[in-house]
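Enquirer: Below: one structure in structure tokens.
Please treat every number below as a calculation from the coordinates, not as lab data. Every value quoted in this text rests on a predicted model; they were computed, and no experiment measured them. Note: ideal-geometry Cβ built from the backbone for every residue, glycine included; neighbour counts use all protein chains shown.
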Amino acid sequence: MSRINVLDTVTANAIKAGEVIERPVSVVKELVDNSVDAGATSIKIEFDNGGISLIRVSDNGCGMDDEDAHKCFLIHATSKIKTASDIYDLSTMGFRGEALASIAACADVTLVTKQADMDAGVIIEYRNGLLSRDGQTSADNGTVVTVEKLFANMPARYKFLKRDATESMYICSLVEKLAIINPHISFRLIKDGKQILSTPGNGNMRDIIYSIYGKETANALVEIKYELNGLKIRGFAGKPSFVRGNRGLQYVYANERTIKSAVISSAIDEAYKTSVMKHKHPICVLCIYIPAGEVDVNVHPQKAEVKFSDDSAIFRLVYHGIKNALFGENSTIVEDTNVLPVIDSPVKQSESHSISPTRVEMPVTRASSEATDNLLKILAGFKPDIEEIENDTNNKLPELIEENKSVEADDFIEDAFDRKEIIELVSSEFVGFLFSTYVIFQNEVATYLVDQHAAHERVLLERFSANRNEIKEGSRNVESLLIPQVIDLSSADLSYVSDNLERFKEFGFDIDIVGERQIALRTVPVATKSEDRLKSLSKPSVMFTQILNDLKRETPEKSNVWTSLIQTTACKAAIKAGDVITKEEAMSLIEQLKECRDPYHCAHGRPTFIKTHITDIEKMFKRIV
């Protein structure tokens, strides 16, 4: 008996759908790409419940006749290419002919389309992967595709979807990217019946960015116009002073297609290397134009990954394009020859002329590899990077403490439950500050170094945790802002916040939706009613934005993501390393730390203070052998 089966069309399409349609945002991307290819100047995207129950994309493109409307649901049916060689000269977003067939295999789909010379439109419905309706209907010129009950017949795929709010955020973020690279198209995004994004479609990319992210972001951008050996880069580079904690606002396009590229990300980092602090990321919109034959977009069904024929040329294009935009055509751009194979002068190019850059021979003096390694080892042991330690979840501080024997680690852990150490600390004498980060105390037998950020973070963590219980009793320890702070959000961020207003309120953030992309922050959680370091050391709007970015990552378990809000709020609101505080404030901080349930660790598990016995110090100076 033969054991090899030829799968029927429905089963084969269902399997294929898993590659193309991963989640609701995949549906939106495929449908919008089709609308762009159809020459639409207006595209409306509607979705409900994160795109699970409804996705509808309407456009005013060229539409389809009856025959094409039927063919478009067949696997590998496409109007974009005819032969394999056409893939190397693509000018369209789609080309595989898999999108509609895949969508129809995992959802209920209704297609209504009409060309300008047709008297009536065509309507086609697919249910459970099979054609269920075929006829004519009244319709406007263009195409409307309605997708309902996504993954209803694929429970294995459905159970891996995230919460509606998260899926909504993905869709909003995608539409923002597509609107930026298609400034000539007017986009409208409607979520759960409410419009959250509208772009003018006037062809001006900066205006589109303004309409999505607001005035502050638009004003922080410097235009890029650069050419190198037949390659072009257009777009915007963010000023070094305007950075974020992640790459969320680094948009990269190749021939107007949204892509991800490690080569381009590396070039961005290198261009900003001496201008932006470590762990911070600039914003940028980079539109790369490259001959179709030099980029392969046929790497993955979702077409987000591409391969370039010459990665180094792309690297140099992006690097010089950003440098040239930020520092002008007369700036000196010195490259690391270990990374960039060619050193080119940053000649600014005109729109109509391509000028070959001049090769610059520059003498480079380098230390030997061994000498460099030794120098790095010395520097590595000299002074730790406070910012890096705070952000490193795999902090090596406990190992360093154990290795140097300057802290009695075992005693520290044991005493964490009997409060012996914290009582000794509170009764010790204040000495001073070290690096505006550590508070020094001493008594007859020991010295204490208190990390002011970690200590304040622990105080706030327990206070905010207690506040959560007080909410149930009708009271909240919050500060009402005298003037509510209006914050501009992207449509993706606004979607996330609006879906979780009550949860934010639960932790002390009272928020009102005041515009299409604006919220008003009316209250924030505070340290104490009489002493509030927050308003002097951290702008509430900045703190809220940082917390929002942390929450969107959803790195904790779904059930604990909102518990992490307390930890994140405490961390962002606490005084920072380098902040100057007074002796009285330091003493008050230690008194508050003493009242904590766990005064020994910050919200992320780092020690709030370390203790060094006088005998350990005397051993270092060889007073004791």
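Enquirer: Using a Förster radius of 41 Å, what is the FRET efficiency between Lys260 and Met118 based on their Cβ-Cβ separation? Nearest 0.05, please.
Expert: Values: r = 40 Å, r/R0 = 0.97.
The pair Lys260/Met118 has a calculated efficiency of 0.55.
Enquirer: Multiplying the sequence separation of Ser309 and Ser436 by 0.36 nm and subtracting their Cα-Cα distance, what value in nm do you get?
Expert: Numbers: separation 127, 0.36 × 127 = 45.72 nm, distance 5.07 nm.
The span from Ser309 to Ser436 would gain 40.7 nm if fully extended.
Enquirer: Follow-up question, since we're still on this one. Run the numbers for Glu591 and Leu130: contour at 0.36 nm per residue of separation, minus the present Cα-Cα distance, in nm. Could you put the intermediate results ahead of the total?
Expert: Values: separation 461, 0.36 × 461 = 165.96 nm, distance 7.08 nm.
Length gained between Glu591 and Leu130: 158.9 nm.
Enquirer: So for the range 102-200, what percent of the C-alpha to C-alpha distances run longer than 24 Å?
Expert: For the range 102-200, the share of Cα pairs beyond 24 Å comes to 42 percent.
Enquirer: Over 25 Å between Cα atoms: which of Lys29/Lys149; Lys191/Lys280; Lys232/Lys278; Lys159/Lys194; Lys29/Lys307; Lys232/Lys323 fall into that group?
Expert: Violating the 25 Å Cα-Cα cut-off are Lys191/Lys280; Lys232/Lys278; Lys159/Lys194.
Enquirer: Let me ask something additional. Name the residues whose placed amide hydrogens come within less than 5 Å of the amide hydrogen of Tyr226, ignoring near sequence neighbours (fewer than 5 apart) on the same chain.
Expert: So Tyr226 has HN proximity to Ile233.
Enquirer: Output the peptides 34-41, 275-282 sorted from most to least packed, where packing is the average of other Cβ atoms within 10 Å over each peptide's residues. Intermediate results must be reported in sequence, preceding the final value.
Expert: Values: 34-41: 20.0, 275-282: 15.8.
Averaged packing, sorted descending, gives the order 34-41, 275-282.
Enquirer: 7 Å from Cα along Cα→Cβ at both Lys159 and Arg206: what's the point-to-point distance in nm?
Expert: Going by the 7 Å Cα→Cβ label model, 5.3 nm.
Enquirer: Just to verify a number: FRET efficiency for Glu429 and Ser465, C-beta to C-beta distance, R0 = 45 Å, to 0.05?
Expert: Values: r = 32 Å, r/R0 = 0.70.
Computed FRET efficiency for Glu429 and Ser465 comes out at 0.90.
Enquirer: Another question, then. For Lys420 and Lys583, calculate 0.36 nm times their separation in residues minus their Cα-Cα distance, and state this gained length in nm to one decimal. List each step's numbers first, then the result.
Expert: On the way: separation 163, 0.36 × 163 = 58.68 nm, distance 2.34 nm.
Result: 56.3 nm gained on full extension.
Enquirer: Also: Which whole-Hz couplings ³J(HN,Hα) result when phi for each residue of the range 420-426 is put into the Karplus expression 6.51 cos²θ - 1.76 cosθ + 1.60, θ = phi - 60°, listed in order with x for Gly and Pro?
Expert: Here the 3J(HN,Hα) series is 4, 5, 5, 5, 5, 5, 5 Hz.
Enquirer: With each label point set 7 Å from Cα along the Cα-Cβ vector, what nm distance links Lys622 and Asn549?
Expert: 5.0 nm
Enquirer: Using packing as a proxy for protection, rank 143-150, 120-127 so that the peptide with the highest average count of other Cβ atoms within 10 Å comes first. Numbers along the way, then the final one.
Expert: Numbers: 143-150: 22.6, 120-127: 19.5.
Result, highest mean Cβ count within 10 Å first: 143-150, 120-127.
Enquirer: Would you pull out the residues with amide H under 5 Å of Leu481's amide H, same chain only if 5 or more places away, H placed 1.01 Å from N?
Expert: HN-HN under 5 Å from Leu481: Thr523, Val524.
Enquirer: In debye to the nearest 20, how big a dipole does the range 98-225 give about its Cα centre with +1 on each Lys and Arg Cβ and -1 on each Asp and Glu Cβ?
Expert: Details: 15 positive and 15 negative charges, 101 e Å.
The calculated dipole for the range 98-225 is roughly 480 debye.
Enquirer: Quick one: if you stick a label point 7 Å off each Cα along the C-beta vector at Glu67 and His601, how many nm between them?
Expert: Once both label points are built, they end up 7.1 nm from each other.
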